[in-house]
């Protein structure tokens, strides 16, 4: 399950966005601590799961899931880096959803989404700087006492500190952001970011920025509107979508952009008992995909019986797809494609 942390300055509407994303999850949602940290789990909408269910009539169907985490602390204009609790919940997230205000408050200043974004971005950088600086001090102390250290890790930490000193996020340097040796530091500025402009009901346009924002995967949401939509019945929602010219809900758009941002795809297992979607990284090989299901399947891997989703649909069924030569036997090194339906042969 992928985890996405929702951050933003006070009055950015991050709580509204959280409710818009989680209120439509029906029985897939749970919330913990409404007065503290909030966590919502939602099903990933996927028409392929529905159509495969119609073909196999399983006892159970299981969608992929996404977990949204909303820290309780309000992101204010005061320095946050000295408050570790502010970031604790999102440190172990796969990516961050940064909500910025793009609407005028009653009697308040017009929005400055770029300034707001940079303000909180600097807090992420400062929090990481403090972690890196403290670790370097500790390693240098160990060196003085004659203890053996990991020189590669030390070099990477110093390189990270140099980037942070320039007030640049670590995601600007992919080799640092993706380094396995730095993973345990859970650097905030190394995480991929999905930028959400929170607009009024009538406004569906993105603001102009001085600096480029495209690399931040900007998406416009109308938070209040989307929250209302998420709480409606299917019939009411359809009329609402037409009235406000919304082609897809915020949930659908944010999940799609999140999958793109993290380089994720889905494969499926099917049968009479269950049709299930599994989430993996692009370029995952069959052996590692098997491990996602169960370590025993990886350990006893023999072959992967694979058919592409569209080939199965075109054939009208598995046996017909097999007759047409669309079902393939693949080995451990086969790169799983989005939509593959896989039956793993294994022996333990």
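Derivation of every value follows stated rules applied to the coordinates shown; laboratory data play no part. Here the structure is a predicted model, which is why all the values come from computation and not from measurement. For neighbour counting, all protein chains shown are included, and Cβ atoms are generated from backbone atoms with ideal geometry for every residue, glycine included.
Data overview
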| item | result |
| --- | --- |
| Label-point separation, residue 282 to residue 41 (7 Å along Cα→Cβ), nm | 2.8 |
| Residue-averaged 222 nm ellipticity for the chain, from DSSP H runs of 4+ at -39500 (n - 2.57), nearest 500 | -11000 deg cm²/dmol |
| Hydrodynamic radius of the stretch 283-346 per Kirkwood, over alpha carbon pairs, in Å | 11.8 |
| Length-normalised contact order for the stretch 283-346 - Cα pairs under 8 Å, 6+ apart - percent | 51 |
| Spacing of the two label points (7 Å from each Cα toward its C-beta) at residue 115 and residue 88, in nm | 3.3 |
| Exposure proxy order (Cβ contacts within 10 Å, fewest to most) of 348, 292, 336 | 348, 292, 336 |
| Length added when fully stretched, residue 310-residue 55, from 0.36 nm per residue minus Cα-Cα | 90.5 nm |
| R0 of 51 Å, Cβ-Cβ distance residue 142-residue 243: FRET efficiency to nearest 0.05 | 0.20 |
| Relative contact order (%) - criterion: Cα under 8 Å, at least six apart; region: the chain | 18 |
| Estimated D of the chain in µm² per second, where Rh is the Kirkwood radius over Cα pairs and Stokes-Einstein applies at 4 °C, 1.567 mPa s | 57 |
| Stretch gain in nm, segment residue 11-residue 272, where the contour uses 0.36 nm per residue and the Cα spacing is subtracted | 89.1 nm |
| Cα centroid of the stretch 118-191 to Cα centroid of the stretch 238-304, whole Å | 32 |
| DSSP-defined beta bridges in the chain - what % are antiparallel, rounded to 5 | 50 |
| Inter-site label distance for residue 65 and residue 150 at 7 Å from Cα along Cβ, in nm | 3.1 |
| Zone residues, the stretch 269-285, relative to residue 293, backbone N less than 13 Å from point 7 Å out along Cα-to-Cβ | 269-279 |
